[in-house]
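Asks: This is the structure I have questions about; it appears just below.
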Amino acid sequence: MEIKKFTSNITNFIIKRVIELFGMVLIILSILLFGALLTYSPQDPNFVFSNNNNINNILGFKGSIVSDFFLQSIGLISFLVSLTIFFTGTNIIIKKKILIILENLFFTIIYSIVGTLFLTFYYKNSFWLAINGNGGFVGKFISNSFLKSLIIFDEKICYYLLIIITLFLFLVSVNFNLKFFLNFFKKMLNFKIKDKNTKESNYENFSAEKNDILNDATRIQENFSFEQNLKSRNNQKNKIQTSFS
């Protein structure tokens, strides 16, 4: 029994460390992807043009290829994808559940479709992404479907609706916990209120102590002046008595 327990503990330990390692790899990849996207330049080598110009991308040739693939396919939504990968890796490390990646991948695909449709329809033109625009070729493909007619039916409502759907699915893909966020915000608010109350109480105590010290000082001064008056009167009496004597 002890051997079985020992082997099961070792197995669980190894599995957890492997899951944590996988989550750490995802975090590193997300940071590298975000850096490659942020330093993307249309003049860098890509799948179409592979010239030997100076590469501006922080990750060099590989970074320019990867960033060009993401930006030309799903456009600016690529930045949200990198954030999703980062938080997915973080949640895998915390929760020790590798299947989180499948759930987050599902929501990532959905918000990428909705987001590229929004960018292609409302903000298509881009100097930075001149070939396929802000929504990429995925957005172009989706905008040519029946969804375009639905947006044209009421563009103002669809504008805000697409934004809300994209942001909501993005928050779901990063395992955003509204209850945890509200509790954290509540704790921070209570901490600030307590800190403010303690500062006010400390200030009141300090002012009370200061008033006590001032009152004691004034009492000492009054007693001192009273004693001086008594001494002066006694001296005068002594002088009068000596003069009569």
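Coordinate-derived values only; no laboratory data. On a predicted model such as this, the values are computed, not experimentally measured, just so you know. In this analysis, Cβ positions are derived from the backbone assuming ideal geometry, glycine residues included, and neighbour counts consider all displayed protein chains.
Asks: Please state, as a whole number in µm²/s, the translational diffusion coefficient that the Stokes-Einstein equation yields for the range 113-179 at 37 °C and 0.692 mPa s, with Rh defined as the Kirkwood radius across alpha carbon pairs.
Replies: 260
Asks: Would you mind computing, in nm to one decimal, how far apart the modelled labels at Glu103 and Arg17 are, each placed 7 Å from Cα along Cα→Cβ?
Replies: 2.7
Asks: Another question, then. Using 7 Å Cα-to-Cβ label points, what is the Ile28/Ser149 separation (nm, one decimal)?
Replies: Modelled inter-label distance: 5.1 nm.
Asks: Order 112-118, 143-149, 127-133 from most to least packed using the mean count of other Cβ atoms within 10 Å.
Replies: Final packing ranking: 112-118, 127-133, 143-149.
Asks: Taking R0 as 25 Å, what FRET efficiency do you get between Leu167 and Phe61 from their Cβ-Cβ distance, rounded to the nearest 0.05?
Replies: The value I calculate is 0.15.
Asks: When only Cα pairs under 8 Å and 6 or more residues apart are kept, what is the percent relative contact order across the range 2-176?
Replies: So the answer I get is 24 percent.
Asks: From the cross-link list Lys97/Lys186; Lys4/Lys96; Lys124/Lys156; Lys5/Lys97; Lys97/Lys187, which pairs have alpha carbons spaced over 19 Å apart?
Replies: From Lys97/Lys186; Lys4/Lys96; Lys124/Lys156; Lys5/Lys97; Lys97/Lys187, over 19 Å: Lys97/Lys186; Lys4/Lys96; Lys5/Lys97; Lys97/Lys187.
Asks: Follow-up. In the range 112-131, whose amide N lies under 19 Å from the spot 7 Å out along Cα-to-Cβ of Lys156? List them in ranges.
Replies: 122-123
Asks: Calculate the radius of gyration of the Cα atoms of the range 64-156 to one decimal place, then report Dmax, the largest Cα-Cα distance, as a whole number, both in Å.
Replies: Using the Cα atoms of the range 64-156, the pair Rg, Dmax is 15.0, 46 Å.
Asks: With the Cα gyration tensor of the range 2-176 giving a ≥ b ≥ c as the square roots of its eigenvalues, does the rule (a/c under 1.5 for rounded; else a/b larger than b/c for prolate; else oblate) give rounded, prolate or oblate?
Replies: oblate
Asks: To the nearest 0.05, how large is the calculated FRET efficiency for Lys95 and Lys140 if R₀ is 25 Å and r is the Cβ-Cβ distance?
Replies: Given R0 = 25 Å and the Cβ-Cβ separation, E is 0.10.
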